[in-house]
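Below is one structure, written out as structure tokens; the observations come after it.
The values are calculated or read from the model by the stated rules, or taken from the named source; none is laboratory data. Computed from a prediction, not measured in an experiment: that's the story for all the values here. Ideal geometry is used to build each Cβ from the backbone, glycine not excepted, and the neighbour counts take in all protein chains shown.
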Amino acid sequence: MKKTFFVLGLAAAAVLASCGGAKADTSASASNDAEPVDSGVSKVYFIKDITPENLVKVYEALGRRADGKNVAVKVSTGESNKSNHLDTALIRPLVQLVNGTIVECNTAYEGNRNATEKHLKAAAEHGFTSIAKVDIMDAEGDTLLPLEGGKHLKYDIVGKSYPGYDFTVVLSHFKGHAMGGFGGALKNISIGIASSNGKAYIHSAGKVEDASVIWRNIAEQDDFLESMAEAAKAVINHAGDNILYINVANRLSVDCDCDGNPAVPKMGDIGILASLDPVALDRACVDLVFNSDDPGKDDLIERINSRHGTHTLDYAEQIGIGSQEYELVELQ
């Protein structure tokens, strides 16, 4: 597997040093006012302590402002009060700093968020409507984003209101996932921005566009993983430079926030990571799990491996939406 790590910061280096073939560079440490030398690979910014202030800090380290009258903050609102979705107290300062609207699309399964009224109720119960406006983007239907060169998908089917946003902040909870192995930035912009019918289109690898028949048309596993990457490509091409990616790696259950009764996390929190490259970002999160000395990592690793989860990263790199080579820059 193609991986290169240039690790800045002793703490991060200690985590990754056990990786066979990983290249840990402890010769420099990134401070808040000192940019590392550009190595020509994607930078992934990392900070261990998960606080509202540090969430803002990693956003600012990216050097790309979320400008525009309409800024979308794509975050999972969580299926139930038991779900491990991001805490609104954690994300409030960043969401309000960018004057963002929290955006979601309805799910393609029965539950608390498969219809707009129920979805808004769940978002309110979980505190999201108290910190920002919430837009269920497919409340009035969906629309197509073009996709070139897709092996499975001809286009991406997203919430109708999504193209009206000037900038997208992809704020993801990194954790396991029952079908994808793990969920991070790529899942959040593919499944997450897809309408309920778009979710069916991805899960079926382009066979159906109707959420009511999704579970009778689930694709072969690798075809599904590749379809997620293709849908992500459509969103990335649509957004251009008006998008950035932040992963919060905490409450590391093997189950997604779409699970109303998830497994209890066995692995400790890792930190906050951010990048302008979603493939590098998700790869860094996966690597920090696999190379952690936390004995609780085994369940999450099994979940990722048993679903062939990293194939999403391999295919995403293949179709040109990012790189698995990255420079991990630890912020103090």
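Could you check region 277-299 and list, in sequence order, the residues that are closer than 18 Å to residue 169 by Cα and part of a loop (DSSP other than H, G, I, E, B)?
Correct list: 277 only.
Please list, ordered by first then second residue, the pairs with beta carbon atoms under 9 Å, 6 or more apart or interchain, first in region 300-315 and at positive phi and in contact (Cβ under 8 Å) with a residue 40 or more places away in the chain, second assigned to a helix (DSSP H, G or I) and of a type in the set (D, E, K, R).
Matching pairs, first to second residue: 308/222.
Which pairs turn up if I take residues in region 102-130 that are in contact (Cβ under 8 Å) with a residue 60 or more places away in the chain and look for partners that are outside any helix (DSSP H, G or I) and of a type in the set (D, E, K, R) with beta carbon separation below 6 Å, at least 6 apart in sequence or on another chain?
Hits for this filter: 103/74; 103/135; 105/138; 106/138; 107/113; 111/79; 112/79.
For residue 80, are the conditions met, namely being closer than 14 Å to residue 172 by Cα and in a loop (DSSP other than H, G, I, E, B)? Show your work before the answer.
On the way: closer than 14 Å to residue 172 by Cα: no; in a loop (DSSP other than H, G, I, E, B): yes.
Judged against the criteria, residue 80 is not a match.
Of the residues that make up region 47-54, is at least one in contact with a Ser or Thr (Cβ under 9 Å, 6 or more places away or on another chain) and either in contact (Cβ under 8 Å) with a residue 60 or more places away in the chain or in a loop (DSSP other than H, G, I, E, B) (or both)? Don't jump to the end; show me each part of the working.
Of all residues in region 47-54, those in contact with a Ser or Thr (Cβ under 9 Å, 6 or more places away or on another chain) come to none.
No, region 47-54 has no match at all.
Return the total of residues in region 121-143 being over 21 Å from the mean Cα position of the chain (by Cα), under 21 Å from residue 200 (Cα atoms) and not polar (S, T, N, Q).
Final tally of qualifying residues: 4.
If you check every pair at least six apart or on different chains, which have Cβ atoms under 9 Å apart with a residue in region 220-245 that is assigned to a helix (DSSP H, G or I) first and a residue that is basic (Lys, Arg) and surrounded by fewer than 19 Cβ atoms within 10 Å (Cβ to Cβ) second?
223/151; 226/151; 227/151; 230/151
Kindly indicate which of 198, 192 is within 19 Å of residue 79 (Cβ to Cβ), under 21 Å from the mean Cα position of the chain (by Cα) and part of a loop (DSSP other than H, G, I, E, B).
192
Can you confirm whether region 76-99 contains a residue that is surrounded by fewer than 18 Cβ atoms within 10 Å (Cβ to Cβ) and more than 30 Å from residue 51 (Cβ to Cβ)?
Scanning region 76-99, I find no residue that is surrounded by fewer than 18 Cβ atoms within 10 Å (Cβ to Cβ) and more than 30 Å from residue 51 (Cβ to Cβ), so the answer is no.
Restrict the check to region 110-125 and report whether at least one residue is closer than 19 Å to residue 174 by Cβ and at pLDDT 95 or above.
Checked region 110-125: no residue is closer than 19 Å to residue 174 by Cβ and at pLDDT 95 or above.
Restricting to region 256-282, and then to whatever is acidic (Asp, Glu) and surrounded by 21 or more Cβ atoms within 10 Å (Cβ to Cβ), can you tell me which residue is farthest from residue 239 (Cα to Cα)?
259
What are the residues in region 295-322 that are under 28 Å from residue 53 (Cα atoms) and surrounded by fewer than 18 Cβ atoms within 10 Å (Cβ to Cβ), if any?
296, the sole residue that qualifies.
Kindly establish whether residue 274 is touching a residue at least 12 places away in the same chain (Cβ under 8 Å) and part of a strand (DSSP E or B). Reasoning before the result, please.
Details: touching a residue at least 12 places away in the same chain (Cβ under 8 Å): yes; part of a strand (DSSP E or B): yes.
It is true that residue 274 is touching a residue at least 12 places away in the same chain (Cβ under 8 Å) and part of a strand (DSSP E or B).
Can you find a residue that is more than 20 Å from the chain's Cα centre (by Cα), at pLDDT below 95 and polar (S, T, N, Q) anywhere in region 8-22? Give the steps one after another, and end with the answer.
Looking only at region 8-22, we keep the residues that are more than 20 Å from the chain's Cα centre (by Cα), and these are 8-22.
When the remaining residues are screened for being at pLDDT below 95, the result is 8-22.
The next check asks that each one be polar (S, T, N, Q); those that pass are 18.
Checked region 8-22: at least one residue is more than 20 Å from the chain's Cα centre (by Cα), at pLDDT below 95 and polar (S, T, N, Q).
Give me the residue from region 100-117 that is out of contact with any Gly (no Cβ under 8 Å at 6 or more places or on another chain) and over 19 Å from residue 202 (Cβ atoms) and, out of that set, surrounded by the fewest Cβ atoms within 10 Å (Cβ to Cβ). Quick ask: steps written out before the conclusion?
In the first step, residues of region 100-117 are kept if they are out of contact with any Gly (no Cβ under 8 Å at 6 or more places or on another chain); the result is 100-102, 106-110, 113-117.
From the residues that got through so far, the ones that are over 19 Å from residue 202 (Cβ atoms) too are 100-102, 115-117.
Values: 100: 26, 101: 18, 102: 24, 115: 16, 116: 17, 117: 9.
Going through the qualifying residues, I end up with 117.
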